[in-house]
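The values are calculated or read from the model by the stated rules, or taken from the named source; none is laboratory data. None of the values given here were measured: they were computed from a predicted structure. All Cβ positions, glycine included, derive from the backbone under ideal geometry; neighbour counts span all protein chains shown. To get the accessible areas, we keep the full protein, side chains included, count just its heavy atoms, and leave off ligands, DNA and RNA. Shrake-Rupley method; radii C 1.70, N 1.55, O 1.52, S 1.80 Å.
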Amino acid sequence: MRVQVVIIGAGPAGLLLGQLLHRAGIDTLILERKSQEYVLGRIRAGVLEQGAVDLLDEAGVGARLHAEGLAHEGIELCFSGERHRVDLQALTGKHVTVYGQTEVTRDLMDARTASGAKSLYEVDDVALAGFDGNTPTVRYLHQGRVHEVSCDFIAGCDGFHGVSRDSVPAQALRQYERVYPFGWLGVLADVPPVSDELIYANHERGFALCSMRSHTRSRYYVQCSLDDHVDQWSDERFWQELRSRVDSEAAERLITGPSIEKSIAPLRSFVAEPMRFGRLFLAGDAAHIVPPTGAKGLNLAASDVRYLSRALIDHYRTGTSTEIDAYSDKCLRRVWKAVRFSWWMTSLLHRFPDNGEIGRKIQEAELSYIIGSRAASTSLAENYVGLPFED
Ligand code: RFL
Ligand code: PHB
């Protein structure tokens, strides 16, 4: 079997790339380790930058997003018991869209099915070879049989724990990593959100985030210990903890109910450089991870796909490799800025075990500076809504 591009992973990066290439007449195969239901069951990101929305439109999957997504023109920062609004729209002229990653993934899966392009789920033992030369191949096990596909390019969109990055010789890769000394406990519940906008709270008991998926479905997070297990967190304990970390008005307004999903995520900053080795490209979480505090992970995956789809389409149209050669550097310039912003938001809002009381006072001073200074709040806002792309 032969296709032009093999895409490893059917997360948002792989599916979006598949859709953009398919629409440009490029033949792709998507190989995914898990089942479709499993991929759709993962509750993750909720905030889309305009650049990601534009790309989903370009891929032809924006209709439901525009009908159901919620435009958010501001966010709220809560500290010292009070909430302060950062007016994204007034400061940057832009807004973000709240629309769950699950829905993005579902829309992309539906479009892929409708297009007739091939995706295989529950594929095991994916092995990449030959990408340092001119004849890349991918072997995989599907329904008890080993298959091999040859291609022009491989797109490694298989997330942080995927096989693509690990297929690159260690000496060809530079990796940068920070693991944070806490996690996020997240709860999804069919209750109306406590506020119209997201609340990011710095509290002496730890960080909390009030987010949403719709007017009737809320997504909440509290900073937790890395030793914690979800079984230790009854719904009742979660709601009590969340209530204790927000301002009194929000605490009073908070409507609670049974959780429909509860999970703990570790927080990490990670970058692997470069993002291209011969005919293998890494995109999304396969190449970099950011802590979720800045809502940048899914948006970065989309921004890599934007550069990669344009580079491959340009290559097939013109036969040149200028855009392909520029891929890694272009992505990384944007990636490092998002890594910086996500690290900074995380540092500003969480309790760090080693920072003590002075650390907390410095955070409060910085938060107070941000809300009091148009320059500082603009800096936060322009990063939150998404930095511009290079052409
Ligand atoms: P994914 O989504 O991990 O998809 C990779 C896919 O590859 C498959 N795979 C393999 N397939 C074949 N063979 C193998 N050997 C394979 N190994 C793995 C996997 O099964 C999977 O289906 O990566 P992708 O596409 O790069 O997308 C990245 C995003 O999922 C991620 O960055 C975001 O979810 C991060 N994130 C957020 N990002 C935002 O932009 N805004 C947010 O508000 C936001 N909130 C979050 C988040 C991530 C979170 N967690 C749990 C990590 C909140 C949380 C709690
Ligand atoms: C979410 O809704 O899951 C979400 C929102 C904002 C973040 C992280 C996660 O910064």
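May I ask you to list the residues in segment 123-136 that are closer than 24 Å to residue 288 by Cα and surrounded by fewer than 19 Cβ atoms within 10 Å (Cβ to Cβ)? The answer is 124, 125, 127, 129, 130, 132.
Residues in segment 133-186 that are in contact with an Asp or Glu (Cβ under 9 Å, 6 or more places away or on another chain) and at positive phi: 2 in all. Looking at segment 300-320, is at least one residue within 23 Å of residue 49 (Cα to Cα), touching a Phe, Trp or Tyr at 6+ places or on another chain (Cβ under 9 Å), within 16 Å of ligand 2 (Cβ to nearest atom) and open to solvent by less than 50 Å² (accessible area, probe 1.4 Å)? No; the residues of segment 300-320 include none that is within 23 Å of residue 49 (Cα to Cα), touching a Phe, Trp or Tyr at 6+ places or on another chain (Cβ under 9 Å), within 16 Å of ligand 2 (Cβ to nearest atom) and open to solvent by less than 50 Å² (accessible area, probe 1.4 Å). If you check 75, 43 for being open to solvent by 10 Å² or more (accessible area, probe 1.4 Å) and outside any helix (DSSP H, G or I), only one passes: 43. Checking every residue in segment 257-268 against the condition of being part of a loop (DSSP other than H, G, I, E, B) and either of a type in the set (S, T, N, Q) or touching a residue at least 60 places away in the same chain (Cβ under 8 Å) (or both) gives at least one match. Of 349, 300, all but one fail to be under 24 Å from residue 72 (Cα atoms), in contact with a Lys or Arg (Cβ under 9 Å, 6 or more places away or on another chain) and within 16 Å of ligand 1 (Cβ to nearest atom); the exception is 300. Residues of segment 224-245 that are open to solvent by 20 Å² or more (accessible area, probe 1.4 Å) and either within 15 Å of ligand 1 (Cβ to nearest atom) or in a strand (DSSP E or B) (or both): 226, 228, 230.
Of the residues contained in segment 152-168, one or more are found to be among the aliphatic types (A, V, I, L, M), open to solvent by less than 10 Å² (accessible area, probe 1.4 Å) and within 22 Å of the chain's Cα centre (by Cα). Suppose the filter is buried (at least 16 other Cβ atoms within 10 Å of the Cβ) and more than 16 Å from ligand 2 (Cβ to nearest atom); does residue 325 pass it? Here the answer is no, as residue 325 does not meet what is asked.
Taking segment 23-41, which residues are closer than 22 Å to residue 155 by Cα and within 12 Å of ligand 1 (Cβ to nearest atom)?
As a first pass, look at segment 23-41 and keep what is closer than 22 Å to residue 155 by Cα: 23-36, 38-40.
29, 30, 31, 32, 33, 34, 35, 36, 38, 39, 40, listed by residue number.
Hey, can you tell me all the residues within segment 246-256 that are in a helix (DSSP H, G or I) and either under 30 Å from residue 134 (Cα atoms) or open to solvent by less than 50 Å² (accessible area, probe 1.4 Å) (or both)? Full working, then the answer.
The first filter runs over segment 246-256 and keeps only residues in a helix (DSSP H, G or I), leaving 248-253.
Answer for segment 246-256, where residues must be in a helix (DSSP H, G or I) and either under 30 Å from residue 134 (Cα atoms) or open to solvent by less than 50 Å² (accessible area, probe 1.4 Å) (or both): 250, 251.
Within segment 80-94, residues that are touching a residue at least 60 places away in the same chain (Cβ under 8 Å) and assigned to a strand (DSSP E or B) have Cβ atoms under 7 Å from residues that are open to solvent by less than 50 Å² (accessible area, probe 1.4 Å) and of a type in the set (Asp, Glu) in these pairs: 82/247; 83/76; 83/247; 84/76; 85/76, counting only partners at least 6 apart in sequence or on another chain.
Condition check for residue 66 on (1) open to solvent by 20 Å² or more (accessible area, probe 1.4 Å); (2) at pLDDT 95 or above; (3) within 16 Å of ligand 2 (Cβ to nearest atom): one failure, at (3).
The residues in segment 271-297 that are acidic (Asp, Glu) and within 16 Å of ligand 2 (Cβ to nearest atom) can be counted, and the count is 1.
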